[in-house]
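In what follows, a single structure is set out as structure tokens and then discussed.
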Amino acid sequence: MLEKAKVSFFLASRTITRGNKGITIFTVIVLALIFVQLVLFSSMLAGVTLKFNDLMVDFQTGNVVVEPREEERYIEDASALQKKIESLPQVVGTSARLKTSGNFHYKEKEMGATVYGIDPEDENFVTDLEDAVISGEFLSRPDRGEVILGREVSGGFGALMESKSLGGVEVGDTVEITISGKTREFRVKGIYTTRYFMVDAGAYISRADLEEMLGVQDRDFAQEIAVKTIAGTDEYETRTALLSLGIRENIRTWREFAGILGLIESTLGMIRDIMNVIGLLIAFVIIFVVIYVNIVNKKRQIGVQKAIGIEQNVIIASFVLQAMFYAGIGVILGFVFMRFGLAPYTAAHPVDIPLGSMSLKLDDVEAINRAVLLFLASIIGSVIPAYTLTQKDLLELIWGK
């Protein structure tokens, strides 16, 4: 077995060293580009998914959300519950919120949107909404009768659904908000955008204002408590720790709110798989053609090798080794380009997408998986023509008859 392997390796090395250098270089470059394409799309998908996750955690839910018990509308004694949650060492801060649907009216425009009642100082410990303000200022604790609008509500500022918005509200304008049958005027103090549509389609007022409109003032109610934890803390461990404190309200991680993100991720995953199949088919065809042409040009030599007693499997193995060499060099070049070229470049110069700035996230395990698939495509692409032609009779191989 070892001797046969040595013969296969010898034949493969002779073919590579004595073959057309231009074809060898071309084949390696094409396989390197195919590997980059396979890994690049996965890296882009990972980067987009990570961006979606960051937007969800940083601007909407925090890491964990505590909600009322089943069949209860509010969390009672929210301040005491906040203190209990903040006693955990991994908790950075909490924000007790009220939220409801509101009807917004400005000039001739009218629309519905989610309204959050917050304590601005608490909210700043949990989300980065203050940093997302692109016009005006964020709320402060003493503010009453003022509102912060997402760009999908205000309109303008690159809103994705401009026709459904209020049509261009600016800071200082007054909008009417109707909640639970009560209508009040609010001065627009700021407009924000997170580039995440679901967050940008909301509005924030002081918790005291929303308590009055809901008729629950001075009752210390909340409809959700968003919890921010130290970076790297496992959300499920935090939920377990909260349960150990005797908290009986519903505790959900941010992932349980990511329904639409999961749909987007699965769609992108499907596109990734299609692109991978196309790339592997191209690799298969390239290797098939290169090996086939090589074998056709060496038919007489293969006939002589069979005539002197070299087994067919050894000859086939030599061409498989040749294809593996091409794939191996292509994978190495592609990986080096991604690891030390493209990934560091996008980290230093993030790509601007509708969600914000994104850099590629190169997953070594994913890269290994793609390399294995490329090797398999190359092996299959070399075995088929090698087996087909080495099956021919000696006379046909040597004399072409």
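Points worth noting:
Yes or no, residue by residue, for (1) of a type outside the set (Gly, Ala, Ser); (2) on the phi > 0 side of the Ramachandran plot; (3) out of contact with any strand residue (DSSP E or B) (no Cβ under 9 Å at 6 or more places or on another chain):
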residue: TYR106; (1), (2), (3): yes, no, no
residue: GLY112; (1), (2), (3): no, no, no
residue: VAL126; (1), (2), (3): yes, no, no
residue: GLU130; (1), (2), (3): yes, no, no
residue: SER135; (1), (2), (3): no, no, no
residue: LEU149; (1), (2), (3): yes, no, no
residue: LEU160; (1), (2), (3): yes, no, yes
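- Number of the exception - ILE302 against (1) at pLDDT below 70; (2) of a type outside the set (D, E, K, R); (3) surrounded by fewer than 20 Cβ atoms within 10 Å (Cβ to Cβ); (4) assigned to a helix (DSSP H, G or I): (3)
- Looking across VAL320, VAL290, VAL314, VAL285, one residue alone is open to solvent by less than 60 Å² (accessible area, probe 1.4 Å) and at pLDDT 80 or above. It is VAL320.
- Residue match in the range 134-146 (condition: open to solvent by less than 10 Å² (accessible area, probe 1.4 Å) and either under 15 Å from THR114 (Cα atoms) or outside any loop (DSSP other than H, G, I, E, B) (or both)): no
- Selection status of THR100, under 28 Å from SER266 (Cβ atoms) and either surrounded by 23 or more Cβ atoms within 10 Å (Cβ to Cβ) or in contact with a strand residue (DSSP E or B) (Cβ under 9 Å, 6 or more places away or on another chain) (or both): no
- Here ILE118 fulfils each of the conditions (1) surrounded by fewer than 22 Cβ atoms within 10 Å (Cβ to Cβ); (2) hydrophobic (A, V, I, L, M, F, W, C); (3) touching a Lys or Arg at 6+ places or on another chain (Cβ under 6 Å) apart from (1).
Yes/no per residue for (1) hydrophobic (A, V, I, L, M, F, W, C); (2) touching a Phe, Trp or Tyr at 6+ places or on another chain (Cβ under 7 Å):
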residue	(1), (2)
VAL133	yes, yes
ARG144	no, no
VAL147	yes, yes
LEU160	yes, yes
THR178	no, no
ARG187	no, no
THR194	no, yes
GLN217	no, no
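The values are calculated or read from the model by the stated rules, or taken from the named source; none is laboratory data. Nothing here was measured: the structure is a model prediction, and the numbers come from that model. Every residue, glycine as well, gets a Cβ built from its backbone with ideal geometry; the counts of neighbours run over all protein chains shown. The protein model used for the area step is the full one, side chains on, heavy atoms only, and it has no ligands, DNA or RNA in it. Shrake-Rupley method; radii C 1.70, N 1.55, O 1.52, S 1.80 Å.
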